[in-house]
Structure formats: structure tokens, C-alpha cells
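Visitor: Got a structure for you, questions after.
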There are 2 protein chains.
Amino acid sequence: MTYDKAPIFESLLIHLNKAPVSFHVPGHKMENMLDARANEFFKEIRQVDMTELPGLDDLHAPNGAIKKAQELAAKCFGAEETYFLVGGSTAGNLAAVTAICDRGDILIVQRNVHKSIIHGLMLAGAKVIFLPPMIDPETGLATGVMSDHVKEALKKYPQAKALILCNPNYYGMGIELERIANEVHTHDIPLIVDEAHGAHYGFHPDIPASALRSGADLVIQSTHKMLTALTMGAMLHVQGRLIDRKLLAQRLSMLQSSSPSYPILASLDLARRDIHTNGYHLLSEGLKAVEHFTDLMDEVEGFQIIAGKWSASTAYQTKDRFKVLVKDGTGTLTGYRILEELSSLGCFAEMADPIHVLLVFSLASKKQEAEKLAAAFRQISDNFALNKKELKLCITNTYRIEAVPVLFSPISFDLSLVGFTKDHVITVPLHLAVNCRSAEMIIPYPPGIPVLYPGETISQDMMKYLQKLANMGAKFQGAQDQALAQISVLK
Amino acid sequence: MTYDKAPIFESLLIHLNKAPVSFHVPGHKMENMLDARANEFFKEIRQVDMTELPGLDDLHAPNGAIKKAQELAAKCFGAEETYFLVGGSTAGNLAAVTAICDRGDILIVQRNVHKSIIHGLMLAGAKVIFLPPMIDPETGLATGVMSDHVKEALKKYPQAKALILCNPNYYGMGIELERIANEVHTHDIPLIVDEAHGAHYGFHPDIPASALRSGADLVIQSTHKMLTALTMGAMLHVQGRLIDRKLLAQRLSMLQSSSPSYPILASLDLARRDIHTNGYHLLSEGLKAVEHFTDLMDEVEGFQIIAGKWSASTAYQTKDRFKVLVKDGTGTLTGYRILEELSSLGCFAEMADPIHVLLVFSLASKKQEAEKLAAAFRQISDNFALNKKELKLCITNTYRIEAVPVLFSPISFDLSLVGFTKDHVITVPLHLAVNCRSAEMIIPYPPGIPVLYPGETISQDMMKYLQKLANMGAKFQGAQDQALAQISVLK
């Protein structure tokens with residue numbers, strides 16, 4: 001089997017060559033829709049929106065095209081075994097956590113993991129030792145954990161079942177994992193890495209090494225985020241003997257649709273083929289677009305690119321060049337406002353926080369797009385006369401998360417943490433919630449990092465931090481009051 | 001807002017009209033792929049494979065296009081509130097079960113529910129009273145529960161938190177729910193119905209009424225199965241005061257991707273529009289194709305259509321005409337073999353069991369397709385000279401599931417039921433597993449009905465039944481030995 005094969009996609013083509021008539025689901029039967037405009041977008045994808053027919057294999061018991069495609073992906077990404085995910089990294093994270101621990105088991109977990117890890121902890125009923133992230137002094141952003149903390153936690157909790165990290169963070173800031181992997185392995189437990197933002201890692205000298213290469217045992221990657229799969233297409237990779245693969249497969253089968261999407265599966269296959277056959281070239285082209293943009297931004301007054309020269313901060317050792325973080329150095333425009341202004345000029349950014357806007361390039365980015373983006377920044381600079389304003393060099397991020405204290409005492413997670421009945425909960429204005437225990441998980445989104453867990457006491461600092469975010473228009477996904485004027489707390 | 005709007009799809013078109021440049025995920029950036037053939041199928045869908053941009057709303061905190069689309073769907077399907085699902089009915093079933101009970105709570109559950117309900121019971125840590133399904137004497141297929149059993153279970157377990165049914169079954173056989181809904185409501189607990197196979201119910205006089213219309217409180221429907229959404233597109237509907245909607249939304253947010261697929265969301269919106277604006281006509285056309293097929297089959301010797309005239313059996317009161325069950329009345333060909341022969345003639349059936357092949361028509365089926373299918377059956381009849389063989393009228397299904405005994409004692413579900421360590425489990429040949437407790441869940445697939453739960457004792461009858469299925473080539477999804485020559489049991 002050579003790398004330029006795409007077994008799932010090819011099995012779909014073979015099926016289509018039979019001029020098949022469908023007496024199976026899905027109900028659309030590949031037929032046209034009522035409306036010409038809808039037809040334009042959905043006609044072709046419906047041809048490959050298939051079900052588990054002979055020759056098309058079965059994601060939950062692969063022994064044909066899907067098995068082959070997963071084997072090619074394992075080779076490509078450097079795993080021993082790879083599982084295709086149709087429910088995004090969310091599905092992989094939930095499955096990983098529920099596969100590595102039983103109820104009441106202790107896990108050591110980076111505090112600022114993606115909420116899907118936390119949801120996995122709830123489903124599993126885990127007891128969690130949180131490791132605080134480092135805070136980047138330039139941006140106030142939470143990055144990875146310190147290896148000393150890992151060492152300390154492992155020493156204090158030798159019964160821990162795994163270490164779970166999220167690396168790199170949403171902004172492309174990461175830590176080097178090799179030393180940590182070695183440390184964890186001396187305790188004979190696995191290192192689980194949510195590498196959702198790093199599916200392209202390891203394929204180019206100017207891009208950081210992958211978690212698998214660094215020794216992680218189980219790695220989850222969002223192939224749709226930084227490679228070319230359709231949204232919700234992701235992969236879970238495993239190596240070594242520390243993961244119970246049968247149990248893992250069971251959890252995946254439990255948490256993912258029994259009717260997985262073939263377009264998503266085929267797009268994973270094709271995304272793997274892209275990077276497998278032509279990865280270096282494609283990534284180089286994408287990086288040229290990034291470089292072109294940053295060069296052009298030298299001429300635009302007011303805006304500053306964070307880590308523009310990819311200098312390492314003390315809080316992170318690796319940086320994804322495809323993630324470009326920009327702020328208004330004059331302090332005139334919030335990140336949210338910059339995002340809004342860029343949108344009105346046809347340039348759509350990934351996310352904003354009070355200070356920064358995050359621009360995500362990829363291997364598919366083009367130089368012309370970089371030019372359009374730089375022109376948009378120039379226009380905004382002109383519109384707000386940023387050139388006439390004073391640059392506050394090395395501005396301190398006034399909204400930064402204060403370094404989270406090293407607690408090192410287990411927090412019990414359970415589904416009931418979000419199942420409080422009305423008798424146990426009261427809704428209060430946010431400013432009155434200080435010293436109360438939160439009854440909900442609070443996650444400013446993006447980037448989806450939970451800053452309050454149910455049952456956790458709300459400190460004065462946290463209340464003020466949340467108020468600031470709310471005032472600036474952040475969204476609080478899943479919060480009962482999405483504007484967070486109010487919050488539910490335990491009576 | 002009129003019914004012919006499709007807010008999600010339209011919001012995507014509005015976005016595309018801005019000639020947007022993407023500095024956000026997904027990484028494909030809507031750009032062409034490397035390969036012309038792949039491009040052909042994925043180019044157009046990538047245009048609408050978006051992320052949570054301004055104007056495109058957020059599935060996990062809807063307040064724009066997605067909210068409007070869900071409101072229209074609620075009106076269309078007769079719910080008070082509707083949630084769009086991107087993880088199939090699986091996601092809806094998992095969320096429903098984990099939202100209605102806490103660990104140790106008692107639920108009354110139809111035994112032959114879809115495995116995703118069972119997975120939900122494991123995640124929730126529920127205690128389950130199983131109600132046996134009726135067995136259709138003509139086919140040996142398991143259908144719905146008896147209302148007397150519901151009554152009895154509710155009387156014996158007044159502390160039960162809900163009744164969970166799966167209706168209709170995979171073959172389109174169903175029971176009337178109204179009496180059961182009333183019975184359940186006298187106990188002030190909700191009726192949850194997995195109506196995965198009945199998204200089209202209630203839109204045509206020749207199609208059964210929907211579970212919502214019959215009084216169910218929470219209903220899950222696979223919009224992709226019998227309507228026109230893309231695979232994994234499903235909906236969860238709620239009405240009444242017995243469901244904690246906040247908790248339900250939290251569970252959905254927990255169990256579904258934080259990057260939901262816009263193509264799937266838009267396809268739900270468009271599927272709703274199809275049925276909302278033109279449902280009666282579309283379903284009538286589809287039903288004409290079914291009728292044409294059954295008429296033509298009158299001339300084909302050997303094959304029999306089950307419930308061809310939709311006569312009610314004692315084991316079911318409603319029947320979906322779009323599901324056509326065919327068997328070889330001469331006993332020459334198994335259902336699996338018929339499926340295989342049909343495939344070789346370009347007609348792809350939904351599934352087979354030892355006796356039957358199941359053909360799924362839908363509102364998108366055409367008369368010409370019915371003709372092609374009937375011609376294929378004629379060809380098979382000729383090839384195997386079925387006309388020269390004796391018709392065994394009213395053949396007894398020798399592989400039928402024996403009526404499951406009414407146990408009425410709670411079975412505890414937990415994630416650990418599939419997390420047995422190697423120390424607790426031994427793998428034995430299937431025929432030696434009689435009277436052992438199964439360490440795995442055994443689900444012949446299709447139709448995905450679990451016939452053995454982990455921890456459950458394996459009876460002689462069950463062993464023989466499984467052996468027969470295995471010999472005939474059924475797949476055992478998720479089983480450690482997919483051919484089921486061996487099975488894992490507790491030591």
C-alpha cells in the first residue's frame with residue numbers, strides 16, 4: 001500500500017462505479033434537493049454520503065478500507081495504531097479519559113485543558129490533581145505545565161493513572177514534551193496529549209515536533225483544524241503498551257455515532273494523503289504566506305505581532321508559526337473590535353480576546369490572502385488613526401489570568417456536578433458570587449478553557465476577571481446566562 | 001418567519017456573499033484539493049464547511065440562525081423545543097439518558113433498544129428494569145413492549161425516573177404509544193422515545209403518527225435516515241415540563257463536538273424545509289414507488305413480502321410502509337445471500353438477517369428505482385429457479401429470538417461493565433460459554449440490538465442463537481472476536 005492511496009475515498013468511488021440504486025439510509029438517496037441553491041452545495045457530497053455497504057467497511061469494526069486508511073494514517077503520523085474520529089477531538093478526548101481510568105481513580109491533569117477533557121473526567125468519575133499552566137508575561141495567556149510540577153505531583157500521587165496535557169494551546173504556544181514523557185514513563189503510566197491544534201506538527205523543520213515523536217502514548221488531533229479534513233474529522237493515535245486498546249475502541253464505539261459520516265471519514269483519508277505525499281511542500285507554501293503577512297505588517301502602524309520573530313517566551317518553548325497573534329499596541333482597539341473590523345473588510349479571524357486577535361493560517365493559505373489581510377489592517381490603522389497614537393510598548397495585559405495556585409489536592413468529578421437540582425442552586429448577580437461555590441462550569445469561548453469548575457469556590461479575582469470578559473462581549477458557552485450577568489451557585 | 005426559510009443555510013450564503021478570506025479553522029480554507037477526483041466531491045461542500053463566525057451562530061449557545069432553524073423545526077415536528085444533533089441519534093440518546101437520571105436511579109427500559117441507549121445507561125450509572133419486547137410470530141422479530149408490562153413495572157417501581165422505548169423498530173414495526181404515554185404520565189415521569197427510524201412520522205395519512213403527537217416528552221429522530229439530512233444529522237425534540245431542559249442542553253454540549261459540522265447543521269435545516277413546505281407531496285411520491293415495487297413483486301416467484309398489505313400483526317400496531325421486508329419463501333436463500341445477490345445487480349439493501357432482507361425506501365425513492373429492484377429480484381428468482389421450488393407458506397423463522405422472560409429485577413449499569421481488567425476475564429469458545437457471565441456486550445449488526453449485556457448470564461438458547469447468526473455471517477460490532485467464535489466471560 002503506497003502513501004498516495006486513499007482507501008476510503010477509493011472504496012466510495014468503486015461503489016459509485018456500480019451505478020448503485022439505494023434501498024438503504026440515508027433517506028436523501030443521493031437525489032437532488034428541491035432548491036437549486038442548496039443543490040449547488042450538497043449535490044456532490046451526497047454522492048459519497050453513504051452507509052456501511054459491502055466494500056465500504058465499518059468504522060466500529062474495521063477490516064477493509066477503513067482499516068487500511070487507518071494503518072496508512074498510523075504510518076504517516078508515527079503511531080502504532082490510529083483511529084479515525086467523526087465526532088471531532090471531543091470524541092477522542094472523551095474516549096481517552098473514560099478508557100484510562102475507573103471511578104475514583106486519580107488523574108493528573110493540566111488545568112487549562114479543553115472542556116471535552118473535563119467532560120471526560122465527569123463521565124469517568126475521576127479524581128483530579130490539577131497542574132497550573134504557566135502564564136506568558138507578554139500576553140497574559142495560559143500555556144503549558146512546568147515539568148517540576150509534573151514531578152512533584154507524580155511523587156505525591158504515585159497511584160495516578162495518567163498525566164493529561166493539552167499541547168500546544170489554542171494560540172500555538174507549547175512546551176517540549178520529551179522530558180515530561182520520560183518522567184511519566186518512569187512511573188509506568190501513560191502520557192495523554194490533546195494535540196487538537198497540532199495535526200500538522202512534525203511534518204516541517206519550521207513546525208514543532210509532534211507529541212507522538214516526543215513519546216506521548218495517546219494523542220488526539222483535530223485533522224480539520226490545521227490540515228484539510230472536513231470539520232469534525234479528527235484522529236486518535238496510540239503507541240506503546242500502556243493503553244488498553246480494546247477498551248479504547250469500545251469507548252470510541254460508545255461515544256461516536258453508529259452511523260458515522262463517510263464524507264468526514266473520506267476527508268480524513270484525503271487529508272492524510274495530502275500531508276503524506278506532499279506535506280513539506282504544502283506546509284512551506286503556507287508558511288510563505290505567513291511570512292509575507294508579517295513582513296507586510298512591519299509597515300502598518302499601531303499593530304503588533306506577538307512573538308512575531310517566534311522568540312520563545314519563558315512560558316513556552318515551541319510556537320506554531322501558522323498562529324499569528326496581533327494586538328493594537330496603542331491600546332485603542334480591543335481584540336474583539338479588531339476581529340469585528342477585519343470581518344467588515346472580508347477577513348475572518350479565528351477568535352479574539354480582550355487584547356488579541358488570533359489569525360489562523362494553514363498549508364492552504366495563499367500569499368494573495370496575506371496581502372488582503374495586511375491591507376485590511378492598514379485600513380483599520382488609518383480609520384482609527386493609530387499612527388497618531390502613542391505605542392505603549394510591552395503593554396501589560398490588564399486582563400490576564402493570575403497564575404493559578406498549585407493546589408495539589410484532588411477534586412472529584414462526576415456527572416452530578418452539572419446535575420444540581422433547583423433545590424440546591426441559587427442564581428445570583430455575578431458580583432455577589434464571591435466565596436460561593438459555582439454550580440456551573442464557566443468557559444469563556446473561544447478558546448474554550450474552563451476557568452471555573454462546578455463545585456469550585458469563586459474568588460474575588462476570578463469574579464473580576466469574568467466581569468471584564470463579559471463586559472467586552474466574550475461568549476460563555478453553556479453558561480445559563482450567556483452574558484454572565486448572573487451565575488448559578490450552590491446554596 | 002415562514003416555513004420556506006432555511007436560516008442556517010441562508011446564513012452560510014450571506015457569509016459567502018462577503019467573498020470571505022479565511023484566517024480561521026478549518027484548515028482546508030475552502031481551497032481545492034490536490035486531486036481532481038476528490039475535488040469533484042468535496043469542493044462545493046467545503047464552501048459551507050464553516051466555523052462559528054459572526055452571523056453563523058453557535059450550536060452550543062444558539063441565539064441567531066441556529067436558534068431560528070431549531071424553532072422552525074420545533075413547529076414542523078410538533079415539539080416545544082428542538083435541538084439539532086451533529087452526532088446522530090447516538091448523541092441524542094446518550095444526552096437524554098444522562099440528563100434524566102443520576103447514578104443509581106431506576107429507569108424502565110425496553111430491552112431491545114439501540115445500543116446507544118445502553119451506552120447512555122452505562123454513562124449514567126443507571127439501574128435498569130428491562131421490559132421484554134413482543135416477538136412477531138410471522139418473522140421472529142422483536143417489536144415493542146406490552147402496555148401491561150409498563151403498568152406492572154411502574155407499579156412495582158414507583159421510584160422509576162422514566163420509561164425509555166425505541167419505536168418503531170429497525171423494520172418499521174411499532175406500537176401505539178398514546179396509552180403508554182398516559183400511563184407513564186399518571187406517575188408524573190417522562191416517556192422518552194428513540195424514534196430514530198421515524199423522522200418522517202406524522203406527515204402523511206399513510207404513515208404512522210409521531211411519538212410527540214402521541215404524548216412522548218422527549219423524542220430523538222435520525223433526520224438522515226428517513227428524511228434528507230446528511231448522515232449524522234439528527235434532532236432531539238422536547239415538550240412538557242418533565243424534562244430538565246437546561247441539564248439536557250448541558251449534556252448535549254458535553255457529548256457533541258465543540259466544532260459541529262455546518263454542512264450537517266445546514267442539511268438539517270434544509271431537510272426540515274423539504275418536509276415542512278412539501279411533505280405530503282414528497283411522501284406520496286415515495287410511497288408510490290413502494291407500491292409500484294410491491295405490485296411488481298406479485299409477478300416474481302419465490303419471494304414474499306412481509307406484511308405486504310400492511311396487515312397488523314399481534315406484535316405491532318403500526319407499520320412504516322417505506323420499510324419493505326422480503327424473504328425467499330422457498331427457503332433457498334438466506335437474507336444475507338439475497339442482499340449479496342441484489343448488490344451484484346446494483347441494488348443495495350439496508351440490511352439482512354438470516355431470513356429477511358430489508359429494503360428502505362424514502363420520500364426520495366423513484367418509480368424507476370422500484371422497477372430496477374423488482375427486475376433484480378426477478379433475475380435472482382430465475383438464477384436460482386425459485387419458481388421450481390416449493391413455497392413453504394407461513395414458514396416459521398427457525399432463527400427467531402425466543403421471547404425474553406419478564407425479569408423485573410434491576411440490572412446495574414456502569415462504565416466498568418466494559419472495563420473488566422484481564423485478571424477478571426477469560427476468553428472461551430462460544431459453545432463453552434453457557435452459564436458464564438458475559439464480559440462483553442454482544443450486538444449482532446445490523447440491526448444493532450444488544451442481545452447480551454456485560455454481566456448477563458449466557459443461556460443455552462442464547463449461545464445457540466448467536467452461533468447460528470455467526471455461521472450465517474452476521475457482524476458483531478464491538479465484539480472482541482467479530483466472528484464470535486470466541487467470547488469473553490467473567491472468571
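Visitor: Rounded to the nearest 100 Å², what is the sum over both chains of accessible area buried where B meets A, with a probe of 1.4 Å?
Guide: Details: alone 21850 and 21860 Å², together 34350 Å².
Result for this pair: about 9400 Å² buried.
Visitor: How many percent of the accessible area of segment A:157-219 is carbon or sulfur, using a 1.4 Å probe?
Guide: Working: 890 of 1980 Å².
Carbon-and-sulfur percentage of accessible area, whole number: 45.
Visitor: For every helix of n ≥ 4 consecutive DSSP H residues, a contribution of -39,500 (n - 2.57) applies; sum these over chain A, divide by its total residues, and give [θ] at 222 nm rounded to the nearest 500 deg cm²/dmol.
Guide: -10500 deg cm²/dmol
Visitor: Let me ask something else about it. What size of dipole, in debye to the nearest 20, comes out for segment B:19-149 about its Cα centre when the only charges are +1 on Lys and Arg C-beta atoms and -1 on Asp and Glu C-beta atoms? Mind dumping the intermediate values first?
Guide: Working: 11 positive and 16 negative charges, 42 e Å.
Here segment B:19-149 has a charge dipole of around 200 debye.
Visitor: For the ranges A:287-298, A:247-258, B:373-384, what's the packing order if you count other beta-carbon atoms within 10 Å of each residue, average per peptide, and put the highest first? Let's see the in-between values first.
Guide: Numbers: A:287-298: 17.2, A:247-258: 24.4, B:373-384: 19.3.
Going by the mean number of other Cβ atoms within 10 Å, highest first, we get A:247-258, B:373-384, A:287-298.
Visitor: Turning to a different aspect of this structure: Put +1 on the Cβ of each Lys and Arg and -1 on the Cβ of each Asp and Glu in chain B; which of B:MET173, B:LEU141, B:ILE458 then has its Cα farthest toward the positive end of the dipole?
Guide: B:ILE458
Visitor: While we're looking at this one, here's another question. Which percent, nearest 5, of DSSP beta bridges in chain B are antiparallel? Walk me through the numbers on the way to the answer.
Guide: On the way: 35 of 49 bridges.
Percent antiparallel among DSSP bridges in chain B is about 70.
Visitor: Is segment B:104-249 best put as rounded, prolate or oblate by its Cα gyration tensor, with a ≥ b ≥ c the root eigenvalues, rounded for a/c under 1.5, and otherwise prolate when a/b is larger than b/c, oblate when not? List each step's numbers first, then the result.
Guide: Working: a/c = 1.45, a/b = 1.19, b/c = 1.21.
It comes out rounded by the Cα gyration axes.
Visitor: Which percentage, to the nearest 5, of the DSSP beta bridges contained in segment A:112-266 is antiparallel? Each step should come with its number before you reach the end.
Guide: On the way: 5 of 12 bridges.
Percentage antiparallel, nearest 5: 40.
Visitor: Please list, in chain and number order, the residues 5+ apart from A:VAL425 or on another chain whose amide H is under 5 Å from its amide H, with Hs placed from the backbone.
Guide: When sequence neighbours closer than 5 places are left aside, the close amide H contacts are A:LYS491.
Visitor: Could you size up the charge dipole of chain A around its Cα centre, putting +1 on the beta carbon of Lys and Arg and -1 on that of Asp and Glu, and report it in debye to the nearest 20?
Guide: Values: 47 positive and 53 negative charges, 109 e Å.
The dipole magnitude comes to about 520 debye.
Visitor: Using a/c under 1.5 as the rounded threshold, could you call segment A:108-189 rounded, prolate or oblate? The axes a ≥ b ≥ c are square roots of the C-alpha gyration tensor eigenvalues, and prolate needs a/b larger than b/c, oblate otherwise. Write out the running numbers ahead of the final one.
Guide: Numbers: a/c = 1.98, a/b = 1.24, b/c = 1.59.
Note, shape of segment A:108-189 comes out oblate.
Visitor: Name the residue farthest towards the positive end of the dipole of chain A from the options A:ILE108, A:GLY88, A:GLY335, assuming +1 on Cβ of Lys and Arg, -1 on Cβ of Asp and Glu, about the Cα centre.
Guide: Checking the options against the dipole of chain A, the answer is A:ILE108.
Visitor: List the distances, in nm to one decimal, from the label point of A:THR457 to the label points of the same position in every other copy, shortest first, placing each label point 7 Å from Cα along the Cα-to-Cβ direction.
Guide: Label point to label point, same position, other copies: 5.2 nm.
Visitor: Next question. Once you average over the residues of B:226-238, how many Cβ atoms of partner chains fall within 10 Å of each Cβ? Each step should come with its number before you reach the end.
Guide: Working: counts 3, 3, 10, 5, 10, 16, 14, 5, 2, 0, 0, 0, 0.
That average works out to 5.
Visitor: Where does the charge balance sit around B:SER147 when Lys and Arg score +1, Asp and Glu -1, over other residues with C-beta under 14 Å from its C-beta? Numbers along the way, then the final one.
Guide: Working: positive: B:LYS151, B:LYS155, B:ARG179; negative: B:ASP148, B:GLU152, B:GLU176, B:GLU178, B:GLU183.
Result for the local shell: -2.
Visitor: What percent do you get for the relative contact order of segment B:109-214 when only Cα pairs under 8 Å and 6+ apart count? Provide the component values of the computation, followed by the final result.
Guide: On the way: 135 pairs, mean separation 23.4, N = 106.
Rounded, it is 22 percent for segment B:109-214.
Visitor: How well do other chains shield peptide B:259-268, expressed as the mean number of their Cβ atoms within 10 Å of each residue Cβ?
Guide: Numbers: counts 13, 5, 11, 3, 10, 7, 0, 3, 9, 0.
The shielding value for this peptide is 6.
Visitor: Whole Å is fine, so just give me how far the alpha carbon centre of segment A:338-376 lies from that of segment B:199-254.
Guide: 39 Å
Visitor: At a 10 angstrom cut-off on C-beta neighbours, averaged per residue, how do the peptides B:122-135, A:32-45 rank from highest to lowest?
Guide: Highest-to-lowest ranking by the protection proxy: B:122-135, A:32-45.
Visitor: Checking the table B:LYS327/B:LYS372; A:LYS115/B:LYS115; B:LYS389/B:LYS468; A:LYS327/A:LYS468 against a 22 Å threshold on Cα-Cα, which pairs fail?
Guide: Details: B:LYS327/B:LYS372 18 Å; A:LYS115/B:LYS115 26 Å; B:LYS389/B:LYS468 24 Å; A:LYS327/A:LYS468 18 Å.
Distance filter (> 22 Å) returns A:LYS115/B:LYS115; B:LYS389/B:LYS468.
Visitor: If you don't mind, there's one more thing I want to ask. Using the Cβ atoms and a cut-off under 14 Å, what net charge is assigned to the surroundings of B:PHE384, where Lys and Arg are +1 and Asp and Glu are -1? Working shown, then result.
Guide: On the way: positive: B:LYS327, B:ARG337, B:ARG378, B:LYS388, B:LYS389; negative: B:GLU301, B:ASP328, B:GLU340, B:GLU341, B:ASP382, B:GLU390.
That sum, taken over residues with Cβ under 14 Å, equals -1.
Visitor: Please figure out what share of the DSSP beta bridges in segment B:49-181 is antiparallel and state it in percent, rounded to the nearest 5. Write down the numbers at each step before the final one.
Guide: Working: 1 of 8 bridges.
Just about 10 percent of them are antiparallel.
Visitor: Arranged from highest to lowest average of other beta-carbon atoms within 10 Å per residue, in what order do the peptides A:461-474, A:70-83 appear? The partial results should precede the final answer.
Guide: Numbers: A:461-474: 16.9, A:70-83: 21.1.
Taking the mean over residues of other Cβ atoms within 10 Å, the ranking is A:70-83, A:461-474.
Visitor: Turning to a different aspect of this structure: What's the magnitude of the charge dipole for segment A:134-286 around its Cα centre, counting Lys and Arg as +1 and Asp and Glu as -1 at the beta-carbon? Answer in Debye, nearest 20.
Guide: Working: 13 positive and 16 negative charges, 132 e Å.
Here the size comes out at about 640 debye.
Visitor: Using the charge dipole of segment A:60-219 (Lys, Arg: +1 at Cβ; Asp, Glu: -1 at Cβ; taken about the Cα centre), state which of A:ALA69, A:THR98, A:GLY202 has its Cα farthest towards the positive end.
Guide: Checked the options; the winner is A:THR98.
Visitor: Continuing with the same structure: With the cut-off at 1.5 for a/c, could you classify segment A:280-349 from its C-alpha gyration tensor as rounded, prolate or oblate? Intermediate results must be reported in sequence, preceding the final value.
Guide: On the way: a/c = 1.90, a/b = 1.30, b/c = 1.46.
Oblate, since a/c reaches 1.5 and b/c is not below a/b.
Visitor: Around B:GLU183, under 15 Å between beta carbons, what's the net of Lys plus Arg minus Asp minus Glu among the other residues? Numbers along the way, then the final one.
Guide: Numbers: positive: B:LYS151, B:LYS155, B:LYS156, B:ARG179; negative: B:ASP148, B:GLU152, B:GLU176, B:GLU178, B:ASP188, B:ASP217.
Around B:GLU183, the charge tally is -2.
Visitor: Using a 10 Å cut-off around each Cβ of peptide B:328-338, what is the average number of partner chain Cβ atoms that fall inside? Mind dumping the intermediate values first?
Guide: On the way: counts 0, 0, 0, 0, 0, 0, 0, 0, 0, 0, 0.
Across the residues of B:328-338, the mean count of other-chain Cβ atoms within 10 Å is 0.
The values are calculated or read from the model by the stated rules, or taken from the named source; none is laboratory data. Not measured: the values here are computed from a predicted model. Note: ideal-geometry Cβ built from the backbone for every residue, glycine included; neighbour counts use all protein chains shown. Ligands, DNA and RNA are excluded from the accessible area calculation, which covers all protein heavy atoms including side chains. Shrake-Rupley method; radii C 1.70, N 1.55, O 1.52, S 1.80 Å.
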